[in-house]
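FYI, it's all coordinate maths here, none of it is from the lab. Quantities reported herein were computed from a predicted structural model and do not represent experimental measurements. Backbone-built Cβ (ideal geometry, glycine too); neighbour counts: all protein chains shown.
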Amino acid sequence: MAATGGGTISINAIYVRRATNDFGMVIHELTHVVQSYHRGNTPGWLTEGIADYIRLSHFEPQARRPRINPEKASYTDAYKTTAIFLEWVEKKCDEQLVKKLNQAAREGKFQIELFKDYTGKTMDELWAEFADTLRAKPNITATNSPAK
Ligand SMILES: [Zn+2]
């Protein structure tokens, strides 16, 4: 429905006529303009995850979050899965995490080891803890009990 390249955002006209209030999609694409990451150093899942992190955390904090399946998902799934994971890591370990990752990516200095530098834990350790929090939560949307 939309793509960004070389500072130009292209949005499908048919889509946007039907979804005239999808500002979140525009925020995601605008984030890509600001990112201008050195693609050789920054994995695509992180680029897309940060774009959705900006969308979810800063512009749509009240929006309904997708349920992440801890048995199938990974931080490399990109988009909202990575965004929600980054948000969780920030709350748990380092409130400046995404800001620092963004800076490193813009300078072409991103490495996966930065997560350990910033949080004291590897990505796999962080993901395992995050997945455990997902397992601990009851699936509220699946309950079907009548209101009292
Ligand atoms: Zn994107």
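Things worth noting here:
- The GluC sites (Glu not before Pro) of the range 28-123 that DSSP puts in a loop, and whose beta carbon has at most 12 other beta carbons within 10 Å, are E71, E95, E107, E113.
- Surrounding net charge for A13, when Lys and Arg each add one and Asp and Glu each subtract one, Cβ distance under 15 Å: 0
- Kirkwood estimate for the chain, i.e. one over the average of 1/r between Cα atoms, Å: 16.6
- With contacts taken as Cα pairs under 8 Å and at least 6 residues apart, the chain reaches a relative contact order of 21 percent.
- Neighbour-count ranking [beta-carbon atoms within 10 angstrom, fewest first] of F115, F59, F130: F59, F130, F115
- Segment W45-A13, extension gain: residue separation times 0.36 nm, minus the distance between their alpha carbons: 8.9 nm
- Taking trypsin sites (Lys or Arg not before Pro) across the range 1-57, the ones in a DSSP loop with at most 13 further Cβ atoms lying within 10 angstrom of their Cβ are R39.
- In this structure, the residue pairs whose Cα-Cα separation is over 24 Å, taken from K72/K109; K72/K99; K91/K116, are K72/K109; K72/K99.
- In terms of surrounding Cβ atoms within a 10 Å radius of their Cβ, T8, T82 rank from fewest to most as T8, T82.
- Computed from the C-beta positions of D124 and A63 and an R0 of 25 Å, the FRET efficiency is 0.30 to the nearest 0.05.
- Order of W127, W45 - criterion: other Cβ atoms within 10 Å of each residue's Cβ, fewest first: W45, W127
- Two-decimal log10 I(q)/I(0) for the range 3-45, as the Debye equation yields it once each C-alpha is a single scatterer, q = 0.17, 0.18, 0.21, 0.22 Å⁻¹: -0.53, -0.58, -0.73, -0.78
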